[in-house]
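Asker: This is the structure I have questions about; it appears just below.
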């Protein structure tokens, strides 16, 4: 929500600073995971795939002392090339994991911003679906009549709002993932993008403005309300995004095989068209949820997003098909399509 590229840079940084290097969280393991720092490091390193980083508790060294001897990036937590922002080890709206990925020789945050610029230039390929102008009109009319347009609004089919998890009804585990950051939440401070890495002493610090962000949306985004939520996704390129929903659970194959257990986990592709039908048809969705029963313990159900376009909601099969084809045909913004 905050920072450059309307928050996209924050998202890109979070993927590379946290999700690809669990050691980067060692300094905040206790408030976030209730795990003491040494235990956290040792637990991760004792099963390291690379023998160089494999910690052996029988050799008498502490996990942090052992890691210090093999750490390829001693100036940063973990092994990735990262910079500690002014608020480290606390997290903030612009550093949700407390760190910023930046390599020596680059400007601060330059690589994350470059990734954001690249992503903003991407255009989905044309979907493998044929739809006439009249079918497009029919599909859009159903899209409006069913109320999809209330959330998937505007030129890019999103209102850019975070919807509470209990309202959207999908698997809430990821929505809650950042809830404990409330304990160590700091103001949004970053070094100036003109600063070079490694960061010099007395480097310029900027406070990133949050005055354009609704406070309730901020609480929802970080689950500081205890529940969290999900941002309304754009529908552009929907054809290429199957399986659907936040847990990726809505999957139907070309052979009418249901759920992830009947498709990807068996090496069988997911059919975007049949999966979209399952997204809006409650009878088809129940087949998906039933097929995913063995995955519920890992938070994959295919449940939620109960906005139906089916016979029980007063829509004909023809209207349902029109909506599905319309949704899967979207690969440009509404203004561009017009």
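Asker: For the stretch 177-202, how many residues are touching a residue at least 24 places away in the same chain (Cβ under 8 Å) and not in a helix (DSSP H, G or I)?
Answerer: As a first pass, look at the stretch 177-202 and keep what is touching a residue at least 24 places away in the same chain (Cβ under 8 Å): 177-199.
Then drop every residue that is not not in a helix (DSSP H, G or I), which leaves 177-178, 185-199.
Result for the stretch 177-202: 17.
Asker: Scan the stretch 204-216 and tell me whether some residue there is crowded, with 21+ Cβ neighbours inside 10 Å and farther than 26 Å from residue 121 by Cβ.
Answerer: no
For (1) part of a helix (DSSP H, G or I); (2) within 17 Å of residue 285 (Cβ to Cβ); (3) more than 13 Å from the chain's Cα centre (by Cα), each residue gets a yes or a no:
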{"position": "209", "(1), (2), (3)": "no, no, yes"}
{"position": "212", "(1), (2), (3)": "no, no, yes"}
{"position": "216", "(1), (2), (3)": "yes, no, yes"}
{"position": "227", "(1), (2), (3)": "no, no, yes"}
{"position": "239", "(1), (2), (3)": "yes, no, yes"}
{"position": "242", "(1), (2), (3)": "no, yes, yes"}
{"position": "248", "(1), (2), (3)": "no, yes, no"}
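Asker: Also, quick follow-up: Is it the case that some residue within the stretch 146-159 is free of Cβ contacts under 8 Å to residues at least 40 places away in the same chain and more than 25 Å from residue 281 (Cβ to Cβ)?
Answerer: no
Asker: Another one. Please work out which one of (1) in contact (Cβ under 8 Å) with a residue 12 or more places away in the chain; (2) under 22 Å from residue 87 (Cα atoms); (3) surrounded by 15 or more Cβ atoms within 10 Å (Cβ to Cβ) is the condition residue 219 fails and give its number.
Answerer: (1)
Asker: Another one. Would you point out the residue of the stretch 282-338, among those that are assigned to a loop (DSSP other than H, G, I, E, B) and more than 26 Å from the chain's Cα centre (by Cα), that is nearest to residue 121 (Cα to Cα)?
Answerer: Within the stretch 282-338, the match that is nearest to residue 121 (Cα to Cα) is 338.
Asker: Still on this structure, I have one more. Tally the residues that are part of a loop (DSSP other than H, G, I, E, B) and modelled with pLDDT of 95 or more, restricting the search to the stretch 51-60.
Answerer: Of the residues in the stretch 51-60, 3 are part of a loop (DSSP other than H, G, I, E, B) and modelled with pLDDT of 95 or more.
Asker: Right, here's the next one. Going through the stretch 103-136 one residue at a time, which ones are over 30 Å from residue 73 (Cα atoms), part of a helix (DSSP H, G or I) and in contact with a helix residue (DSSP H, G or I) (Cβ under 9 Å, 6 or more places away or on another chain)?
Answerer: Listed by number, the residues that qualify are 120, 135, 136.
Asker: Additional query: Could you check the stretch 160-174 and list, in sequence order, the residues that are surrounded by 18 or more Cβ atoms within 10 Å (Cβ to Cβ) and either closer than 18 Å to residue 7 by Cβ or without any contact (Cβ under 8 Å) to a residue 40 or more places away in the chain (or both)?
Answerer: Selection gives 162, 163.
Asker: Give me a count of the residues in the stretch 61-78 that are assigned to a loop (DSSP other than H, G, I, E, B), buried (at least 20 other Cβ atoms within 10 Å of the Cβ) and at negative phi. Talk me through it step by step, then tell me what you get.
Answerer: Initially, the stretch 61-78 is screened for residues assigned to a loop (DSSP other than H, G, I, E, B), giving 61-62, 71-78.
Now drop any that are not buried (at least 20 other Cβ atoms within 10 Å of the Cβ), which leaves 76-78.
So of that shortlist, the ones also at negative phi come out as 76-77.
Of the residues in the stretch 61-78, 2 are assigned to a loop (DSSP other than H, G, I, E, B), buried (at least 20 other Cβ atoms within 10 Å of the Cβ) and at negative phi.
Asker: Just to check your reading of the model, which residue among 146, 177 is surrounded by 16 or more Cβ atoms within 10 Å (Cβ to Cβ) and either at pLDDT below 95 or under 30 Å from residue 318 (Cβ atoms) (or both)? Don't jump to the end; show me each part of the working.
Answerer: On the way: 177 fails: surrounded by 16 or more Cβ atoms within 10 Å (Cβ to Cβ).
None of the others qualify; the one that does is 146.
Asker: While we're looking at this one, here's another question. Take the stretch 298-317 and flag every residue that is without any contact (Cβ under 8 Å) to a residue 24 or more places away in the chain and over 22 Å from residue 171 (Cβ atoms).
Answerer: 311, 314, 316, 317
Asker: Still on this structure, please answer the following. Look through the stretch 21-43, keep the residues that are modelled with pLDDT under 95 and over 22 Å from residue 223 (Cα atoms), and return whichever of them is nearest to the chain's Cα centre (by Cα).
Answerer: 21
The values are calculated or read from the model by the stated rules, or taken from the named source; none is laboratory data. Being a predicted model, the structure only gives us computed values, none of them experimental. Virtual Cβ from ideal backbone geometry, glycine too; neighbours counted across all protein chains shown.
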